[in-house]
Amino acid sequence: MTTATNTRTDILIAGAGFAGLALAIALKQALGASFAVVVADPALARSGDDPRASAIVAAARRLFETLGVWHEIAPRAQPILDMAVTDSRLNDAMRPTFLTFDGEVAPDEPFAHMVENDPLLKALLAKARAENVTLLNTAVADFAAAPDRIAVHLRDGTTHAARLLVAADGARSSIRERAGIATHGWDYAQSSIVTTVRHERDHHGRAEEHFLPAGPFAILPLKRDATGHRSSIVWTEASAEAERIVALDDAGFHAELEKRFGLRLGEIEAVGPRRAFPLGLSVARSFVAERIALIGDAAHVIHPIAGQGLNMGLKDVAALAEAIVDAARLGLDPGSPVTLDRYQRWRRFDTMVMGVATDGLNRLFSNHSDALRLARDVGLGLVDRLPALKQLFIREAAGLAGEVPKLLRGEAL
Amino acid sequence: MSAPTMPDSPTVDAAEVARFERLAATWWDPRGKMGVLHKFNPVRLGLIKEAACRRFGRDPKRLDSLAGLRLLDIGCGGGLLSEPLARLGAAVVGADPAAANIAVAQQHAAQSGLAIDYRVGTAEALADAGERFDIVLAMEVVEHVADLSLFVKRCAEMVKPGGMMIVATLNRTFKSFALAIVGAEYVLGWLPRGTHQWDKFVTPNELEATLERHGLKVVDETGVVYNLIADRWQISTDMDVNYVVTAEKAP
């Protein structure tokens, strides 16, 4: 193939989402100007219509702090000060609370912060520019791995000879597909409706997850803005029902929302765009191929029941960045099988555990069996009475358990 | 594979060289027969780099941490150590008595865009030529040489005042027999059978006494062990099998 240009680069990242940008920033900061990092994404100038917000757990916040982007986001980040989990039928007037967590992993360190996706992405993009990451508004068309490099052909006609191609191109990763990496998992036939709700009363930083028979209904506190108190909701229904609900007019949507939201926060109003996201569990059979690494949703999509999707992507970032940086500082090839094996070993087992755990939670809660409800309520009640176990759950959910990559501990590479 | 050209030398064992000639083609395949060496590489490279950065006051985080240092890699094989050290900025001379190894190493360095001075030859040939280095490496070599004392003497001559020598090898213990010979060669199949002869293994005491006798001061010794669960080599105080000794020459 003859092309106009054939640029040598160290790492080419496909996808300028959270994972792709965070990896690019981490590599530039650790390895400096002589280490070339390219990010290619045809949607580099995103329109900003993502209605979603994300729970940034403590470990992920430490990563953003270390990368120097947290201070940009902090004014818009709402700490989760408390979490409540309830289990009920839709028509129950009272939703007894079985499990509460004081949301701190350490004194003065909240378990998580709620951050809206758009400003977070903007802050990462600005930081990537400041660190001299090469940002290209184009997609990967094709690639061919050779023993020592991978030729990556972009849609703009250029070819880059990279040490490593990182697929950060999302759940339907075309790179994963082209590389012939299968996924296993299944479709839940459920979708999550996501939108922002304005409410009369202060949420006091409390996150609520109501396990309704159709699926979890989560109320996640957002930072108060000029328009008043706000929460993000993640509302899971059977897919057809979710599609029906998002298509309703404002009054119809409001009626459905009110039934589930409850009265605790006073008058409510849905604001901003609303969308339904289909849910599935999907884990790539391998996170690596010759000269290729998968990160973020390209590697795994799990049930959002525990709010761990984005955070798992950032764990991938921290592990892959550390593997690459360690190799480069030894003069070793950052795209060699030895480097990639280290990344895969670090991440894949953890991902399977989280995938299985969230799947189990969803199966346990998304049904109408009264016997199961009694069993799980007893279980949650027991957990509630065992502080040590709760602390372990919180640390696990905050991403602080196990062998933790440096960036997630708040240490620079 | 071409027939080996064998320099006639008292420190090279002819049968040993012939064994490695057969392996040369597989040097750079991390999934192939040399896979264990590729896995071992990060640990020994880390030891070399850290020791050199301490000795020469370099920042180990820089990508050019060894810039300007002249380094000799004896028994360089296919260049698995020479290449990364050259990438870190060292001016590397790689020497190996097996011509096929040097051919593999030269070809691969050209492909990697690295300028490395590879030579078919032995430590004493370089010493005879009056070569001097900041760092002399003998990694997994002394267990294959015919005369340890002579080998160390000629290497020590080549260390510049203020320079250093690093030696990695296998201890002669019951454990090393069990792990390195029976385990690695016969049970796990990591290394081709006949790679090592246990009676040629050297104990840390023997090695350190030999280094000191030839004017070097031993400043560090450390073990390297294989962690079966993590499938990874790591630094350890256990020197019963693999170990690394660092010695320095006074300025």
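Applying the criterion of at least 3 residues that are of a type outside the set (Phe, Trp, Tyr) and either touching a helix residue (DSSP H, G or I) at 6+ places or on another chain (Cβ under 6 Å) or modelled with pLDDT of 95 or more (or both) to the strands (runs of 3 or more DSSP E) found wholly in the stretch A:1-113 leaves A:6-14, A:37-40.
A quick yes/no check of all residues on (1) within 14 Å of another protein chain (Cβ to nearest Cβ); (2) farther than 29 Å from B:Gly35 by Cβ; (3) modelled with pLDDT under 75:
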| position | (1), (2), (3) |
| --- | --- |
| B:Asp147 | no, yes, no |
| B:Leu170 | no, no, no |
| B:Gly183 | no, no, yes |
| B:Trp233 | yes, no, no |
| B:Ser236 | no, no, no |
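Within the stretch B:83-94, being crowded, with 22+ Cβ neighbours inside 10 Å, more than 10 Å from chain A (Cβ to nearest Cβ) and either touching a residue at least 60 places away in the same chain (Cβ under 8 Å) or of a type in the set (A, V, I, L, M) (or both) holds for B:Val92, B:Val93. Condition (residue is among the basic types (Lys, Arg) and within 14 Å of chain B (Cβ to nearest Cβ)) applied to the stretch A:286-300: is it met by at least one residue? Among the residues of the stretch A:286-300, at least one is among the basic types (Lys, Arg) and within 14 Å of chain B (Cβ to nearest Cβ), which makes the answer yes.
Take residues that are in contact (Cβ under 8 Å) with a residue 24 or more places away in the chain and within 30 Å of A:Ile292 (Cα to Cα) and tell me which of the strands (runs of 3 or more DSSP E) falling wholly in the stretch A:181-279 contain 3 or more. First the steps, then the outcome.
Numbers: elements: A:183-199, A:206-212, A:215-225, A:228-238.
Correct list: A:183-199.
Looking only at the stretch B:81-108, how many residues end up being assigned to a helix (DSSP H, G or I), at pLDDT 90 or above and not acidic (Asp, Glu)? Break it down into steps so the answer makes sense when it comes.
Residues of the stretch B:81-108 assigned to a helix (DSSP H, G or I): B:82-87, B:99-108.
Okay, now just the ones that are also at pLDDT 90 or above, so B:82-87, B:102, B:105-106.
Next, from what is left, pick out any that are not acidic (Asp, Glu): B:82, B:84-87, B:102, B:105-106.
So the answer is 8.
Going by the structure shown, is B:Thr210 modelled with pLDDT of 85 or more and of a type in the set (Ser, Thr, Tyr)? Answer is yes for this residue.
Candidates are the residues of the stretch B:28-51 that are in a loop (DSSP other than H, G, I, E, B) and not charged (D, E, K, R); the one that is nearest to the other protein chains (Cβ to nearest Cβ) is B:Pro30. Keeping to the stretch A:30-45, report how many residues are buried (at least 18 other Cβ atoms within 10 Å of the Cβ) and either closer than 10 Å to A:Asn132 by Cα or more than 14 Å from every other protein chain (Cβ to nearest Cβ) (or both). Number satisfying all stated conditions: 6. Taking the stretch A:10-46 as the range and being in contact (Cβ under 8 Å) with a residue 40 or more places away in the chain, over 19 Å from A:Ala161 (Cα atoms) and small (Gly, Ala, Ser) as the test, the residues that pass are A:Ala16, A:Gly17, A:Ala19, A:Ala22, A:Ala26, A:Ala30, A:Ala45. For the stretch A:57-69, a tally of residues being over 16 Å from the mean Cα position of the chain (by Cα) and not hydroxyl-bearing (Ser, Thr, Tyr) returns 4. Pairs linking a residue in the stretch B:60-82 that is closer than 25 Å to A:Gly32 by Cα and more than 12 Å from every other protein chain (Cβ to nearest Cβ) to a residue that is surrounded by fewer than 24 Cβ atoms within 10 Å (Cβ to Cβ) and not hydrophobic (A, V, I, L, M, F, W, C), with Cβ atoms under 6 Å and 6 or more positions apart or on different chains, are B:Leu69/B:Asp134; B:Arg70/B:Asp134. Is it the case that A:His229 is touching a His at 6+ places or on another chain (Cβ under 7 Å) and modelled with pLDDT of 90 or more? Yes: the conditions hold for A:His229. Whether a residue is more than 21 Å from B:Lys217 (Cβ to Cβ), crowded, with 24+ Cβ neighbours inside 10 Å, at pLDDT 95 or above and of a type outside the set (S, T, N, Q) was assessed, and B:Asp73 passes this test.
The values are calculated or read from the model by the stated rules, or taken from the named source; none is laboratory data. Computed from a prediction, not measured in an experiment: that's the story for all the values here. Note: ideal-geometry Cβ built from the backbone for every residue, glycine included; neighbour counts use all protein chains shown.
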